[in-house]
Amino acid sequence: MHLSRYGVRVPPIRLSCALALTLIAVALAPAAASATTIYAASSLSKVVPTIAPGNRTNFAGSDTLAFQIEQGAPADVFLSAAPLYAERLHAKGLCDAPVVFALNTLTFVTPASNPAGITRVQQLDRPGGYRLAVGGKNVPLGIYTRTLLGKLGLGRALQKNTVSQYQKATDVVSTIALGSAAAGFIYTTDWYANATKLLAIPVPTSAQPLIRYEACAVRRDGADTAGAKAVIARLLSLSGRQALFNAHFGLPPKT
Amino acid sequence: MTLTTGIFRGFLIVTAIATFAFLLAPIAALLLQVPIRDLPGLLRETAVTSALLVSLKTNVIANVIILAVGTPAAYLLALGRFRGRPALLTLIELPLVLPPAVAGIALLTAFGAFGLFGSTLADAGIFLPFTQAAVVLAVTFVAGPYYVRAAVAAFASLDRNQLDAARDLGASEGTVFRRIALPLAADGLRAGWALAFARGIGEFGATLLFAGSVERITETLPLAVYAQLDVNLDSAVAVGILLLAISGGVLLVAKLPPLWSPTRSSTPVGGW
């Protein structure tokens, strides 16, 4: 192949390389200098964007997020659905002292049409049982669910029924809403957000586990600590508490 | 050789090195994460053993379905002359571009309890979610197109004169397919199947949403990796290496035969 064949035209390959590099550069440039990166439990996915709009958010199971931050993920704030994970990062020097900003409870739900005809949580004690969707044994939702079942004297319920376990609270919600599971345990806030698709079945209040959401500013080189503190201040502010209350979260005593 | 050729060759070599370095670095890092001698202990956990059994059983069934149904279907698509053939060829690739989670939702909206065919299935006494049949369907749906696509390409590149010659000699259509087309397209079919198998054994998103993650029933190796991630990173990595070994072994087996049968071309006929 001779160079002269191209004449004075720019070889297409060079043109496309230049174009590709430009696109990559544009895509990698920070979207907005002010945006703070929030890593939040998936049960917060509706409320956090209303409290702290204009930031980058990553919603997943708290355990997954804690793992990602431990592996050096570029988070600025960590909003955990359980104290365990925020405290673990704090103990490792990966985030500041966590603060409680919201409370939650669990709700026992079936699909709106309740095809299995479940009326009481005690029905889970029957052998053979139902198809259930619950949180995995290492994620907050799953840990809380096991605490609740234990307090109800239903510790064996997860062996007696056909149980599918999920790492994300939202996967439990959709599995029940789509009818794959006959019932399951979800966060009360998630039930309010999907009340038309899910039927809530009362659970004795005395059996409820203590569910606390904790926030902490991530410590790493280049972290947007000021932005992180602003997000946490928003969560604790009057408007933040109002938004959490509207989304049916419980509120900790005002500090 | 002109200067431009030299520069171009250098450019090719640099891109080849970059390709290998980028694709292999994470795999090498995975292998370095856990000492090899710890692997057997990590893999002996009951959760891993039962997930391995679920993965093998469901994937064997799914692959039998993919090969048994996909091969004749691809033959018709490749050599048949009928209206709408190009459209069908495109449609069959649609599952390839679906994000796995969307594939799972799609399967649920079709075969789930409240899905399109949910009540029909229920009348027949069939409930798919949380069953191994659902895992098989998810794997078949996600991996099948990889095979069918390659098989269509393999059959389409056959020399039609050879097929016609067999017909002229009195061979039935079935015999032409079995004795002429299949052996000639074998390399392409095998390469396509290897990719489909590797995709299927690693299937995660569609399986989780459609079949759920029920221990000993629908919890496959990829689902087990995810569940182990928080408890024990080493154990998750060990399962990852196991998956890598299975897929790598299959890919290798699919590529090997041309080495000992010199009459066959070592490049897949399909050329995907």
> Can you tell me which residue in region B:112-127 is nearest to residue B:201 (Cα to Cα), limited to those that are assigned to a helix (DSSP H, G or I) and of a type in the set (A, V, I, L, M, F, W, C)?
Replying inline: B:121
>> For the condition buried (at least 18 other Cβ atoms within 10 Å of the Cβ) and touching an Asp or Glu at 6+ places or on another chain (Cβ under 6 Å), what is the one hit in B:62, B:78, B:51?
In response: B:51
>> So in region B:121-154, with the set limited to residues that are of a type in the set (Phe, Trp, Tyr) and closer than 18 Å to residue B:219 by Cα, which one is farthest from the other protein chains (Cβ to nearest Cβ)?
In response: B:141
>> Can you tell me which condition residue B:157 does not meet? The list is (1) touching a residue at least 40 places away in the same chain (Cβ under 8 Å); (2) under 29 Å from residue B:57 (Cα atoms), and all the others hold.
In response: (2)
> If residue B:118 satisfies every condition in (1) away from every other protein chain (no Cβ under 13 Å); (2) crowded, with 19+ Cβ neighbours inside 10 Å but one, which is the exception?
Replying inline: (1)
> Looking at (1) free of Cβ contacts under 8 Å to residues at least 12 places away in the same chain; (2) surrounded by 13 or more Cβ atoms within 10 Å (Cβ to Cβ), can you tell me which one residue B:125 breaks?
Replying inline: (2)
> Given A:251, A:199, which one is in contact (Cβ under 8 Å) with a residue 40 or more places away in the chain and under 30 Å from residue A:94 (Cβ atoms)?
Replying inline: A:251
> Counting just the residues of region A:127-137 that are of a type outside the set (A, V, I, L, M) and at pLDDT 85 or above, which one comes out surrounded by the fewest Cβ atoms within 10 Å (Cβ to Cβ)?
Replying inline: A:137
> Do you know which residues across region B:161-193 are more than 19 Å from residue B:73 (Cβ to Cβ) and either in contact (Cβ under 8 Å) with a residue 40 or more places away in the chain or in a loop (DSSP other than H, G, I, E, B) (or both)?
Replying inline: B:169, B:170, B:171, B:172, B:187
>> Kindly evaluate residue B:166 against the criterion of being more than 21 Å from residue B:249 (Cβ to Cβ) and away from chain A (no Cβ under 14 Å).
In response: yes
> What single numbered condition from (1) within 14 Å of chain B (Cβ to nearest Cβ); (2) in contact with a Lys or Arg (Cβ under 7 Å, 6 or more places away or on another chain) fails to hold for residue A:193?
Replying inline: (1)
> Across region B:202-226, what is the number of residues that are part of a helix (DSSP H, G or I), surrounded by 23 or more Cβ atoms within 10 Å (Cβ to Cβ) and either touching a strand residue (DSSP E or B) at 6+ places or on another chain (Cβ under 9 Å) or among the hydrophobic types (A, V, I, L, M, F, W, C) (or both)?
Replying inline: 8
>> For region A:111-125: of the residues being closer than 19 Å to residue A:207 by Cβ and touching a helix residue (DSSP H, G or I) at 6+ places or on another chain (Cβ under 7 Å), which is surrounded by the most Cβ atoms within 10 Å (Cβ to Cβ)?
In response: A:124
> Among (1) touching a Lys or Arg at 6+ places or on another chain (Cβ under 7 Å); (2) closer than 25 Å to residue A:210 by Cα; (3) modelled with pLDDT of 95 or more, where does residue A:112 come up short?
Replying inline: (2)
>> If residue A:181 satisfies all but one of (1) aliphatic (A, V, I, L, M); (2) touching a strand residue (DSSP E or B) at 6+ places or on another chain (Cβ under 7 Å); (3) more than 9 Å from every other protein chain (Cβ to nearest Cβ), what's the number of the condition it fails?
In response: (3)
>> I'm checking my understanding of the structure. Among residues of region B:223-259 that are without any contact (Cβ under 8 Å) to a residue 40 or more places away in the chain and within 21 Å of the chain's Cα centre (by Cα), which one is nearest to the other protein chains (Cβ to nearest Cβ)?
In response: B:226
> Which residues, taken from region B:18-46, are surrounded by 10 or more Cβ atoms within 10 Å (Cβ to Cβ) and either within 14 Å of chain A (Cβ to nearest Cβ) or touching a residue at least 24 places away in the same chain (Cβ under 8 Å) (or both)?
Replying inline: B:18, B:27, B:29, B:30, B:31, B:33, B:34, B:38, B:39, B:42, B:43, B:45
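Here's the yes/no breakdown for (1) modelled with pLDDT of 90 or more; (2) not in a loop (DSSP other than H, G, I, E, B):
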| position | (1), (2) |
| --- | --- |
| B:82 | no, no |
| B:86 | no, yes |
| B:96 | no, yes |
| B:101 | no, yes |
| B:105 | yes, yes |
| B:110 | yes, yes |
| B:129 | yes, no |
| B:134 | yes, yes |
| B:145 | yes, yes |
>> Just to be sure before I move on: is residue A:200 away from chain B (no Cβ under 14 Å), surrounded by fewer than 19 Cβ atoms within 10 Å (Cβ to Cβ), out of contact with any Asp or Glu (no Cβ under 6 Å at 6 or more places or on another chain) and outside any loop (DSSP other than H, G, I, E, B) in the structure I sent?
In response: yes
>> Here is a list: B:58, B:15, B:5. Which entry is away from chain A (no Cβ under 14 Å) and part of a helix (DSSP H, G or I)?
In response: B:58
>> Just the residues that are part of a helix (DSSP H, G or I), in contact (Cβ under 8 Å) with a residue 40 or more places away in the chain and crowded, with 23+ Cβ neighbours inside 10 Å, please, taken from region A:168-180.
In response: A:169, A:175, A:176
> Do you know which of the residues in region A:39-58 that are within 8 Å of the chain's Cα centre (by Cα) and touching a residue at least 60 places away in the same chain (Cβ under 8 Å) is surrounded by the fewest Cβ atoms within 10 Å (Cβ to Cβ)?
Replying inline: A:45
> Of all residues in region A:68-110, how many are surrounded by fewer than 19 Cβ atoms within 10 Å (Cβ to Cβ), among the small types (Gly, Ala, Ser) and in contact with a strand residue (DSSP E or B) (Cβ under 9 Å, 6 or more places away or on another chain)?
Replying inline: 2
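The values are calculated or read from the model by the stated rules, or taken from the named source; none is laboratory data. On a predicted model such as this, the values are computed, not experimentally measured, just so you know. Cβ coordinates were reconstructed from backbone atoms using ideal geometry, including for glycine residues, and neighbour counts include every protein chain displayed.
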